[in-house]
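Structure, as structure tokens:
Only the coordinates and a few stated rules stand behind these numbers; no lab work does. Nothing here was measured: the structure is a model prediction, and the numbers come from that model. Cβ atoms come from the backbone with ideal geometry, glycine included; neighbour counts cover every protein chain shown.
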Amino acid sequence: MSIPSQIRPIEVPANQSCVTSDFVIEAGHRYRFLVEGQWIDDKDPLTGPEGLPHPGGIRECLGRVKRLPEAAWMALLVRTKGPAGKSPWRLLGRGDGIWSDLPPGRLQFCANDVLGFYRNNSGKIDVRVIDVTQGA
Ligand SMILES: [Ca+2]
């Protein structure tokens, strides 16, 4: 599949608890996500959008209070903000596969961290979204 080079990536800085993009998910469309970049939470090891299941230290006890408890720390999360409100956060990670079941609305992203503890994060992930409804 060729990737149109003019698509500007959506930048998701690790230290922002919610990044709202201009990209709007439409009902019935199919999307592919191209995800790249690395980020880091404080002194944890650098990680990609797949996150760290076990960063060690105090976080081993705090797993249930992060945005999406069942996903790894610093995994890339996605949701949409539409007429029906905000959908629940979901694991996007490396963005494998074709996505066809996101509710209509603007895409929002964040790192899987604890609300109020984003300031000590750094790095960013770039996300490109391609509508593959026609070609897929
Ligand atoms: Ca943090």
Top of 14, 84, 71 by mean-square fluctuation, Gaussian network on the chain, Cα under 10 Å: 84
query: Cβ under 11 Å from residue 124's Cβ, residue 124 left aside: what net charge do those residues give with Lys, Arg +1 and Asp, Glu -1?
result: -3
- request: Between beta-carbons, use under 9 Å as the cut-off and find the net charge around residue 108, counting Lys and Arg +1, Asp and Glu -1.
  value: +4
query: For the chain, what is the relative contact order in percent, using Cα pairs closer than 8 Å and at least 6 residues apart in sequence?
result: 43
- request: Provide, for the chain, the number of lysine pairs with alpha carbons under 21 Å apart, each pair being eight or more places apart or on different chains.
  value: 5
- prompt: In whole angstrom, how far apart do the alpha carbon centroids of the range 90-136 and the range 59-88 sit?
  reply: 11
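Filter the trypsin sites (Lys or Arg not before Pro) in the range 1-98 to those in DSSP coil with at most 11 other Cβ atoms within 10 Å of their Cβ, and list the result.
Here the sparse-neighbourhood loop sites are 43.
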query: Which loop GluC sites (Glu not before Pro) in the range 24-129, with loop taken from DSSP, have no more than 14 other Cβ atoms within 10 angstrom of their Cβ?
result: 26, 70
query: With each label point set 7 Å from Cα along the Cα-Cβ vector, what nm distance links residue 38 and residue 115?
result: 3.1
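State the extension gain, in nm to one decimal, for the chain segment bounded by residue 29 and residue 98, taking 0.36 nm per residue of separation less the distance between their alpha-carbons.
23.8 nm
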message: With only alpha-carbon pairs counted, each pair once and no self-pairs, how large is the Kirkwood hydrodynamic radius of the range 10-131 in angstroms?
response: 14.4
